[in-house]
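The values are calculated or read from the model by the stated rules, or taken from the named source; none is laboratory data. Please read all numbers here as calculations on a predicted model, not as lab measurements. In this analysis, Cβ positions are derived from the backbone assuming ideal geometry, glycine residues included, and neighbour counts consider all displayed protein chains. The accessibility values were calculated without ligands, DNA or RNA, using every heavy atom of the protein model including side chains. Shrake-Rupley method; radii C 1.70, N 1.55, O 1.52, S 1.80 Å.
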Amino acid sequence: MDYSAKLDEALNKLHEEGRYRTFIDIERKNGQFPHATWRKPDGSEAPITVWCGNDYLGMGQHPAVLAAMHEAIEATGAGSGGTRNISGTTVYHKRLEAELADLHGKEAALVFTSAYIANDATLSTLPKLFPGLIIYSDALNHASMIEGVRRNGGAKRIFRHNDLAHLRELLEADDPDAPKLIAFESVYSMDGDFGPIKEICDLADEFGALTYIDEVHAVGMYGPRGAGVAEQECLMHRIDIINGTLAKAYGVMGGYIAASYKMCDAIRSYAPGFIFTTSLPPAIAAGAAASVAHLKRDQDLRKKHQEQAAKLKLRLKGLGLPIIDHGSHIVPVMVGNPVHTKALSDMLLENHGIYVQPINFPTVPRGTERLRFTPSPVHGPEEMDKLIKAMDELWSHCALNRAELAG
């Protein structure tokens, strides 16, 4: 076997399909979000504006978050020193889990090193706790949920995206006495549409199923205290397990689940992805706890975020660009071709100092390639004007169709 040739073959395939991913070396500027410095491969630098970041509210530069992290570093040093079971549980981890349990109105929460790991570890462990468990998973669930369901060794059913009739059909076809769990998301990150939470909870009640919701793209941004769409719709009490992230609206790092004491205790005790992983550094946990606590109170920041998203969508629609608008904060502009998508991304960066990463297969289906913008409260009128002007020019330059509203 010529291993080197096989690697060349795999990488060349990505290049030929226009799907090769390039990492942009950027340095964000504390106090100046969304501005950053792009460090080019030739060693030169250029100022850019980040339009695809997941720090949705700019909390990564919030004084309360930074102060908490500095305090924790001074008090405890850099790392946690071990796994949660072996010397890696600190007052900062316990404080964060208490904040998260309170946020979601649950008895307990369990913090992981990322929301990906939280999803994967939890969903792959549940069949150990409920032998014979059947998991019903939305077709557009995040890769971390798909991986967790795939690895658990149990039965799985994939229902068409947000298709309640198909979900009912699958539930009706299975043994009524078998343990069941329905796994879905509140906000789907590529199209920005919402999951039908109430209707799924109604089906779960009817068929005796547990409910598992991924609120990664909603926590901090929806609901009176930022607990997500389930809070906004007064449905948190009907969800058995809530998954969230600390790396998007909260501006730090990590993921978690919130559930009953027994559920969190069982996952803590059985999930290898939790047991054998070094815990988050105390400073990260401290910063995340401060961010969660702050956003429980800061409704104005959430309101401004939604206003910015609505404004950007309105202006893009005014240009006749094909965007998807389901009413969330996510703004996808549909291109439909991987080569054109990358070309637009490259020209925005190189000619206009605007950074938005192309979204290609396998993140989205072939033929639905897009640019995905994430406007935030720290994007001002000047930044938005510059983006709109650049998109107008480049759309014409690439001779792309101006279409009616998609989705």
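Just the residues that are free of Cβ contacts under 8 Å to residues at least 24 places away in the same chain and either among the charged types (D, E, K, R) or closer than 27 Å to Asn152 by Cα (or both), please, taken from segment 65-101.
Glu74, Ile86, Lys94
When you scan segment 118-134, how many residues do you find that are surrounded by fewer than 24 Cβ atoms within 10 Å (Cβ to Cβ) and under 13 Å from Ser144 (Cα atoms)?
Residues meeting the conditions: 1.
Sort out which residues of segment 135-161 are of a type in the set (A, V, I, L, M, F, W, C), open to solvent by less than 10 Å² (accessible area, probe 1.4 Å) and in contact (Cβ under 8 Å) with a residue 40 or more places away in the chain, and write them in order of number.
Residues satisfying the conditions are Ile135, Met145.
Can you tell me which residue within segment 346-384, out of those that are within 12 Å of Gly18 (Cβ to Cβ) and surrounded by fewer than 19 Cβ atoms within 10 Å (Cβ to Cβ), is nearest to the chain's Cα centre (by Cα)?
Phe361
Identify all residues within segment 188-200 that are touching a strand residue (DSSP E or B) at 6+ places or on another chain (Cβ under 6 Å) and either closer than 21 Å to Lys156 by Cβ or polar (S, T, N, Q) (or both); write none if there are none.
Within segment 188-200, Gly195, Ile200 meet the criteria.
Tell me the residue from Ala343, Ala399 that is among the aliphatic types (A, V, I, L, M), more than 30 Å from Tyr222 (Cα to Cα) and open to solvent by 40 Å² or more (accessible area, probe 1.4 Å), please.
Only one candidate passes the filter, namely Ala399.
Among the residues of segment 308-319, write down those that are closer than 13 Å to Asp392 by Cβ and open to solvent by 20 Å² or more (accessible area, probe 1.4 Å).
Answer for segment 308-319, where residues must be closer than 13 Å to Asp392 by Cβ and open to solvent by 20 Å² or more (accessible area, probe 1.4 Å): Arg315, Lys317, Gly318, Leu319.
Of all residues in segment 146-194, how many are in contact with a helix residue (DSSP H, G or I) (Cβ under 8 Å, 6 or more places away or on another chain) and more than 26 Å from Leu129 (Cα to Cα)?
Residues flagged as in contact with a helix residue (DSSP H, G or I) (Cβ under 8 Å, 6 or more places away or on another chain) and more than 26 Å from Leu129 (Cα to Cα) within segment 146-194 amount to 4.
Any idea which residue in segment 90-112 is farthest from the chain's Cα centre (by Cα), counting only those that are surrounded by fewer than 19 Cβ atoms within 10 Å (Cβ to Cβ) and assigned to a loop (DSSP other than H, G, I, E, B)?
Across segment 90-112, the extreme among qualifying residues is Glu107.
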